[in-house]
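Asks: Once you've had a glance at the structure underneath, I'll fire off some questions.
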Amino acid sequence: MRDERGPRWARPVLLAAAVYNLVFGALAVLLPVAWFEVADLPPPNLPSLWQCIGMIVGVYGVGYACAARAPLRHWPIVLVGLLGKVFGPIGFVGAAVAGELPWRAGWLLVTNDLIWWLPFGVLLHAAWIHHRR
């Protein structure tokens, strides 16, 4: 590991997360019904709520881009991101069990949340080790 930059893979992973979140957020804000059409789901009654979610996702992207400069120093941004990526699927499962969302809508969790668990978790572990020294 090199000072606060962490493992060599940390910067590209965080930049990829930044780009993904910024693009997803922008699409949710600009085309709030598009995802529902692609997923063959009924459009939301209040598309503005989906746009707000898109704004939040986009802001996470800005955070990941900032954290990419020194991931071990900016570990709190990664932690907040990981928490969102864990609690989001928990909320989805609760909504699906209650019948509020169809299970087929869960495929979005793969790219939004699940693929980031391992790299964010490993990066947080590296930050913990770094800051213990």
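The values are calculated or read from the model by the stated rules, or taken from the named source; none is laboratory data. Fair warning: this is a prediction, and the values are worked out from it, not measured in the lab. Don't worry about glycine lacking a Cβ; one is built from the backbone with ideal geometry, like all the others, and counts go over all protein chains shown.
Asks: Quick one: PRO44 ticks every box in (1) within 16 Å of the chain's Cα centre (by Cα); (2) surrounded by 14 or more Cβ atoms within 10 Å (Cβ to Cβ); (3) modelled with pLDDT under 95 except a single one, so which number is it?
Replies: Failing condition for PRO44: (1).
Asks: Something else: So which residues in the stretch 22-32 are surrounded by 15 or more Cβ atoms within 10 Å (Cβ to Cβ) and β-branched (Val, Ile, Thr), if there are any at all?
Replies: Listed by number, the list holds a single entry, VAL29.
Asks: So, one more: Mind listing whichever residues of the stretch 39-51 are part of a helix (DSSP H, G or I) and either in contact with a Pro (Cβ under 7 Å, 6 or more places away or on another chain) or under 18 Å from ASP113 (Cβ atoms) (or both)?
Replies: PRO47, TRP50, GLN51
Asks: Of the residues ALA17, ALA98, ALA70, which single one is modelled with pLDDT of 95 or more, within 22 Å of HIS131 (Cβ to Cβ) and either among the aromatic types (Phe, Trp, Tyr) or more than 15 Å from the chain's Cα centre (by Cα) (or both)?
Replies: Just one listed residue meets the conditions, ALA70.
Asks: Can you run down the residue pairs with Cβ atoms below 9 Å, 6 or more apart or on separate chains, where the first is in the stretch 1-29 and assigned to a helix (DSSP H, G or I) and the partner is surrounded by fewer than 18 Cβ atoms within 10 Å (Cβ to Cβ) and of a type in the set (Ser, Thr, Tyr)?
Replies: Short answer, once both residue conditions are applied: TYR20/THR111; PHE24/THR111.
Asks: Are any of the residues in the stretch 53-72 surrounded by 14 or more Cβ atoms within 10 Å (Cβ to Cβ), β-branched (Val, Ile, Thr) and within 20 Å of VAL122 (Cβ to Cβ)?
Replies: no
Yes or no, residue by residue, for (1) closer than 18 Å to PRO7 by Cβ; (2) touching a strand residue (DSSP E or B) at 6+ places or on another chain (Cβ under 7 Å); (3) part of a loop (DSSP other than H, G, I, E, B):
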site: ARG73; (1), (2), (3): yes, no, yes
site: ILE77; (1), (2), (3): yes, no, no
site: GLY81; (1), (2), (3): yes, no, no
site: PHE87; (1), (2), (3): no, no, no
site: GLY91; (1), (2), (3): no, no, no
site: ALA96; (1), (2), (3): no, no, no
site: LEU101; (1), (2), (3): no, no, yes
site: GLY106; (1), (2), (3): no, no, no
site: LEU109; (1), (2), (3): no, no, no
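Asks: For PRO89, indicate whether it is under 17 Å from LEU14 (Cβ atoms) and surrounded by 15 or more Cβ atoms within 10 Å (Cβ to Cβ).
Replies: It is false that PRO89 is under 17 Å from LEU14 (Cβ atoms) and surrounded by 15 or more Cβ atoms within 10 Å (Cβ to Cβ).
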